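The values are calculated or read from the model by the stated rules, or taken from the named source; none is laboratory data. Nothing here was measured: the structure is a model prediction, and the numbers come from that model. As a convention, Cβ positions derive from the backbone with ideal geometry for all residues, glycine included, and neighbour counts pool all protein chains shown. Accessible surface is based on the protein model in full, side chains and every heavy atom, while ligands, DNA and RNA are left aside. Shrake-Rupley method; radii C 1.70, N 1.55, O 1.52, S 1.80 Å.
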Amino acid sequence: MDLSELLTPERIRCHCTVQSKKRALQTLAEILSHSLLPPENDEQEDEPHPESNGSMGSLASRLLKSRPKDEEHAEKDVFSEMGILDAFISRERLGSTCLDHGFALPHSRICCIEKPVAALITLETGVDYNATDKQAVDLVLGLLVPEECNDEHLKILATLAKRFSDADFRDALRSHTSPAELYDYLAKLPPA
């Protein structure tokens, strides 16, 4: 699974003015929360979600597992900005997800989703991310994968690490100012 399969233009932000690692994680959590939480009013299910193509329903309905109504409240907590932020912070406590060269890959397993989903932010100015190379981080990709996806999770992380180890690729990401153009660039890349 490559980046264009994990992202949409709506889950990309370019040249954000973020001043800290925590704020970068909050920004990712906000972006992911907006795409995962179903619309508040169930009667509006026929209206396309801003991230849908209009014919397949909301992104949330395509990513979320079918679940009983009594679990919906718990899912809203998991998919809230705070729920996702807590998941990222819990993972960071185990060790920094910075992969050096100005790139970090905060990630977590999360219940109730069927397929992996990501958000990407590029930062105007790099932030301290406890990198082993001491370089400030200005590329941050937040990844959420289904709870039971052990092997797939590791394969995705390996693919992303390989992709982001390419200096030309990182420079290309930094040069884009439009989420749509950045996504088009990613969609045209050969598989990693």
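Note on region 127-138: among residues that are in a strand (DSSP E or B) and more than 16 Å from Gly95 (Cβ to Cβ), the one that is least open to solvent (accessible area, probe 1.4 Å) is Val127.
Taking residues in region 83-96 that are assigned to a helix (DSSP H, G or I), and partners anywhere that are among the β-branched types (Val, Ile, Thr) and open to solvent by less than 30 Å² (accessible area, probe 1.4 Å), the pairs with Cβ atoms closer than 8 Å and at least 6 places apart or on different chains are Ile84/Ile110; Ala87/Ile110; Arg91/Thr97.
Name the single residue that is most open to solvent (accessible area, probe 1.4 Å) among those in region 1-18 being outside any helix (DSSP H, G or I) and within 23 Å of Val127 (Cα to Cα). If you could, list the steps in order and put the result at the bottom.
Initially, region 1-18 is screened for residues outside any helix (DSSP H, G or I), giving 1-2, 7-8, 12-18.
With within 23 Å of Val127 (Cα to Cα) added as a condition, the list becomes 7, 12-18.
Details: Leu7: 5, Ile12: 2, Arg13: 93, Cys14: 26, His15: 57, Cys16: 24, Thr17: 113, Val18: 9 Å².
Restricting to residues being outside any helix (DSSP H, G or I) and within 23 Å of Val127 (Cα to Cα), the top hit is Thr17.
Here's a check for you: in region 166-192, which residue that is assigned to a loop (DSSP other than H, G, I, E, B) and of a type outside the set (D, E, K, R) is surrounded by the fewest Cβ atoms within 10 Å (Cβ to Cβ)? Step by step, filter region 166-192, then rank; the result is Pro190.
Per-residue answers, yes or no, for (1) out of contact with any helix residue (DSSP H, G or I) (no Cβ under 9 Å at 6 or more places or on another chain); (2) of a type in the set (Phe, Trp, Tyr); (3) over 26 Å from Ser20 (Cα atoms); (4) at pLDDT 50 or above:
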| residue | (1), (2), (3), (4) |
| --- | --- |
| Ser55 | yes, no, yes, no |
| Ala60 | no, no, yes, no |
| Arg67 | no, no, yes, no |
| Glu71 | yes, no, yes, no |
| Ala87 | no, no, no, yes |
| Arg91 | yes, no, no, yes |
| Gly95 | yes, no, no, yes |
| Leu99 | no, no, no, yes |
| Gly102 | no, no, no, yes |
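Can His176 be described as more than 15 Å from Lys21 (Cβ to Cβ), touching a Leu at 6+ places or on another chain (Cβ under 7 Å) and touching a residue at least 40 places away in the same chain (Cβ under 8 Å)? Spelling it out, His176 is indeed more than 15 Å from Lys21 (Cβ to Cβ), touching a Leu at 6+ places or on another chain (Cβ under 7 Å) and touching a residue at least 40 places away in the same chain (Cβ under 8 Å). Exactly one residue out of Leu160, Leu141 is within 16 Å of Gln26 (Cβ to Cβ), touching a strand residue (DSSP E or B) at 6+ places or on another chain (Cβ under 8 Å), open to solvent by less than 30 Å² (accessible area, probe 1.4 Å) and not in a loop (DSSP other than H, G, I, E, B), and it is Leu141. Could you list all residues from region 19-49 that are assigned to a loop (DSSP other than H, G, I, E, B) and either at pLDDT 95 or above or open to solvent by 30 Å² or more (accessible area, probe 1.4 Å) (or both)? If the condition is that a residue be assigned to a loop (DSSP other than H, G, I, E, B) and either at pLDDT 95 or above or open to solvent by 30 Å² or more (accessible area, probe 1.4 Å) (or both), then Gln19, Ser20, Leu37, Pro38, Pro39, Glu40, Asn41, Glu45, Asp46, Glu47, Pro48 are the ones that fit. If I ask for residues that are open to solvent by less than 30 Å² (accessible area, probe 1.4 Å) and farther than 20 Å from Pro179 by Cβ, which ones from region 85-111 would you list? Those that are open to solvent by less than 30 Å² (accessible area, probe 1.4 Å) and farther than 20 Å from Pro179 by Cβ: Leu85, Ala87, Phe88, Glu92, Gly95, Thr97, Cys98, His107, Ser108, Ile110.
Looking at Glu124, is it open to solvent by 80 Å² or more (accessible area, probe 1.4 Å) and closer than 25 Å to Glu30 by Cβ? It is true that Glu124 is open to solvent by 80 Å² or more (accessible area, probe 1.4 Å) and closer than 25 Å to Glu30 by Cβ. Here is the figure for region 144-157: residues that are free of Cβ contacts under 8 Å to residues at least 40 places away in the same chain, closer than 20 Å to Leu32 by Cβ and open to solvent by 40 Å² or more (accessible area, probe 1.4 Å) total 2.
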